[in-house]
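Written out below as structure tokens is the structure these notes cover.
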Amino acid sequence: MIASLGTVSTAGPRLLLEFVARSGVDSRRLAREAGLDAEQLADPAGRVETRLATDLWNRAAAAVDDPLFGVHFGRDHQPSRLGLFDYLFLTANTLEDAFDTVIRHVFVASTGGAYQQARHGSRVVVERVLSDGPDYRHAEAFVLGWQLTMARHATGRPIRPSHVGLAQPAPKQHRGLAEALGVADIDFGCSATTITLTRGDLDLPLLSADPMLAAVLRRHAEQRRPAADSWPHRVRAFLADGFTGRIVTLETAARQMAVSPRTLQQHLHEAGTSWRVEVEAVRDYLAVDLLRNSQLPVTAIANQLGYSDARAFRRAFHRRHSRSPQEYRHDTSA
């Protein structure tokens, strides 16, 4: 679904770039290669597309040559560095309250996917489903590392889940991952990213609990809740129907939404985007999906996405991914 394009807070990518810079990686170059703008990342209230953030994750892991990059980043996380999202967790009364608060306000950090907790007798499973998309392996591992780091720091206890589930396929060896997370029981190929905690763990009080501050932070978080039916969302829904067998223009989109083309452009501008940006974002999302999950030749994909020819598609794809469609298909199927 196109809704899974999603966005993430710039706080995460900024921390990731600082983290790899300590290993000698040229973080500015890495951001540019992932299609991220330095000025945009510097905005504390800014958002970037989830697919660009995911590409940054994978480029960063390759740059430091660390197959466990995500979990190491999460394990070494310094609580409070993610700003509002971390403080929502830290100021809750108990560990259960902390997870409940960030689940309710996950949109502060990321839109798309799902986040929930469910009781199973004396145990509680905290479940995170990331948005559909290419290779969320490192981001998924970070989610686990972040949750455990925050839980251990906030309670002052060595919290150890009785079970961890990962959506990613099982690697040839996962002892290093188990050791980094401090868990023994890990399953792969699950429907979601999960940690299983005891009722006793979740009843633990948090050392930094502050009910008054927590209430203020929750109100502040609610002000950041994205509109469910925003203009960019409506445009993406229109574009999700594809580029073949119909005319896809600003004018046809505006007509379907019962506004003038100028008004639609203005709404998108006020949301920090444009018709061209949305078209290219959806085209790229669909291109990645087709290259990974179909055997369609590049020429057919170009036609399906409404490009004038395969050459135009190759140029657009290379601008975003710094490699050709053929190279991308080869690299992601390896």
Of residues in the range 152-175 being outside any helix (DSSP H, G or I) and polar (S, T, N, Q), the one nearest to the chain's Cα centre (by Cα): Gln168
Per the filter on the range 203-244, residues farther than 19 Å from Val277 by Cβ and assigned to a helix (DSSP H, G or I) are Pro211, Met212, Leu213, Ala214, Ala215, Val216, Leu217, Arg218, Arg219, His220, Ala221, Glu222
Would you check which residues across the range 182-233 are of a type in the set (Gly, Ala, Ser), within 22 Å of Leu88 (Cβ to Cβ) and open to solvent by 50 Å² or more (accessible area, probe 1.4 Å) and list them? Ser208, Ala227, Ala228
Only listed residue being open to solvent by 70 Å² or more (accessible area, probe 1.4 Å), of a type outside the set (Gly, Ala, Ser), assigned to a helix (DSSP H, G or I) and closer than 18 Å to Pro79 by Cα, chosen from Glu39, Glu18: Glu18
Test Val129 against the stated conditions and say whether it is open to solvent by less than 30 Å² (accessible area, probe 1.4 Å), under 15 Å from the mean Cα position of the chain (by Cα), aliphatic (A, V, I, L, M) and farther than 12 Å from Trp146 by Cα. no
Subset of the range 300-334 [loosely packed, with under 13 Cβ neighbours inside 10 Å and touching a helix residue (DSSP H, G or I) at 6+ places or on another chain (Cβ under 8 Å)]: Asp309, Ser333
Scanning the range 149-175 residue by residue, those open to solvent by 60 Å² or more (accessible area, probe 1.4 Å) and either aromatic (Phe, Trp, Tyr) or in contact with a Pro (Cβ under 8 Å, 6 or more places away or on another chain) (or both) turn out to be Arg152, His153
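When residues of the range 42-59 are filtered for being within 15 Å of the chain's Cα centre (by Cα) and aliphatic (A, V, I, L, M), how many remain?
Total meeting the criteria: 4.
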Looking at the range 243-258, is at least one residue among the hydrophobic types (A, V, I, L, M, F, W, C), open to solvent by 40 Å² or more (accessible area, probe 1.4 Å) and under 30 Å from Ala300 (Cα atoms)? yes
Of all residues in the range 75-128 being part of a helix (DSSP H, G or I) and among the basic types (Lys, Arg), the one that is nearest to Gly156 (Cα to Cα): Arg75
For the list (1) surrounded by fewer than 16 Cβ atoms within 10 Å (Cβ to Cβ); (2) in a strand (DSSP E or B), I need the number of the one condition that Ala178 fails. (2)
I'd like to know if the range 279-286 contains one or more residues that are among the aromatic types (Phe, Trp, Tyr) and under 16 Å from Asp55 (Cβ atoms). yes
Give all pairs with beta carbons closer than 6 Å in which a residue from the range 166-186 that is under 19 Å from Phe73 (Cα atoms) meets a residue that is loosely packed, with under 12 Cβ neighbours inside 10 Å and among the hydroxyl-bearing types (Ser, Thr, Tyr); count only pairs at least 6 apart in sequence or on separate chains. none
Filter result for Gln78 (polar (S, T, N, Q), out of contact with any strand residue (DSSP E or B) (no Cβ under 8 Å at 6 or more places or on another chain) and over 20 Å from Gln223 (Cβ atoms)): yes
Those residues of the range 71-96 which are buried (at least 19 other Cβ atoms within 10 Å of the Cβ) and more than 20 Å from the chain's Cα centre (by Cα), in sequence order: Leu90, Thr91, Ala92, Leu95, Glu96
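The values are calculated or read from the model by the stated rules, or taken from the named source; none is laboratory data. Treat the numbers as computed from the prediction; the structure is a model and nothing was measured. Backbone-built Cβ (ideal geometry, glycine too); neighbour counts: all protein chains shown. For the accessible areas, the whole protein counts, side chains as well, though only heavy atoms, and no ligand, DNA or RNA atoms are used. Shrake-Rupley method; radii C 1.70, N 1.55, O 1.52, S 1.80 Å.
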